[in-house]
Amino acid sequence: MSAEPDRDLFGVAPPPAAGSKAALAAKGYARRPGSGPAGETCGSCIHAKGIKIRSGRVFYKCEIIKHRWTSGPGTDIRLKSPACEMWEPEEKPLTETHKVG
């Protein structure tokens with residue numbers, strides 16, 4: 001049995017290269033994207049929350065790290081990102097939003 005090229009011996013994806021866009025963007029996730037169940041995404045996780053701002057735009061954040069949220073893109077997540085190890089199945093559709101500001 002051989003590991004996939006983008007995974008190590010234990011099936012864990014390697015961290016993004018230092019200084020890459022992916023490394024800088026990964027601050028919004030509770031754990032490394034791709035470390036969770038195969039085939040699942042942040043969009044199917046109960047912890048993904050839509051934050052609606054005054055202009056009507058919605059930004060998605062991980063509720064597990066709510067204490068680290070900023071008002072900028074540094075703590076945003078992409079709903080299409082592979083699930084992390086903290087992934088839990090969504091109990092209701094991702095339509096609930098929280099107003100900020």
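Brief remarks follow.
- Checked against the criterion of being modelled with pLDDT under 90 and β-branched (Val, Ile, Thr), segment 52-63 contains one or more residues that satisfy it.
- Residue 52 vs. criteria touching a helix residue (DSSP H, G or I) at 6+ places or on another chain (Cβ under 8 Å) and not polar (S, T, N, Q): no
- Looking across segment 27-64, the residues that are closer than 23 Å to residue 8 by Cα, outside any helix (DSSP H, G or I) and among the hydrophobic types (A, V, I, L, M, F, W, C) come down to 30, 38.
- Boolean, residue 63 is under 12 Å from residue 28 (Cα atoms) and of a type in the set (D, E, K, R): yes
The values are calculated or read from the model by the stated rules, or taken from the named source; none is laboratory data. Worth saying up front: this structure is predicted, and the values here are computed from it rather than measured. Here Cβ is always computed from backbone atoms with ideal geometry, including for glycine, and neighbour counts include all displayed protein chains.
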